[in-house]
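Notes to accompany the following structure.
The values are calculated or read from the model by the stated rules, or taken from the named source; none is laboratory data. Keep in mind it's a predicted model, so treat the numbers as computed, not measured. All Cβ positions, glycine included, derive from the backbone under ideal geometry; neighbour counts span all protein chains shown.
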């Protein structure tokens, strides 16, 4: 094999490898962009879910407070106590975290 044929062969092999590497890099770039899009969507969904959880927690805490107030009012009526005494215990109740 003469030098010219060898160089031509190695050039062809290198060109083929470079083309394959470019195609692989392009494919990896597309996959990266798809993963970034999915990640952004997941972050947005997580943010929405966190907001919903906070709202549900707020509503449930409010409902617990309302039910405690009703319970205290009922107890006060049963015991014949003034409402102000039980209102103080209602205010001291801390919401669940």
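General observations
- Selected residue (only one of 65, 78 is at pLDDT below 95, assigned to a helix (DSSP H, G or I) and surrounded by 10 or more Cβ atoms within 10 Å (Cβ to Cβ)): 65
- Unique match (being surrounded by 10 or more Cβ atoms within 10 Å (Cβ to Cβ), at pLDDT 85 or above and either part of a helix (DSSP H, G or I) or touching a helix residue (DSSP H, G or I) at 6+ places or on another chain (Cβ under 6 Å) (or both)) among 53, 85: 53
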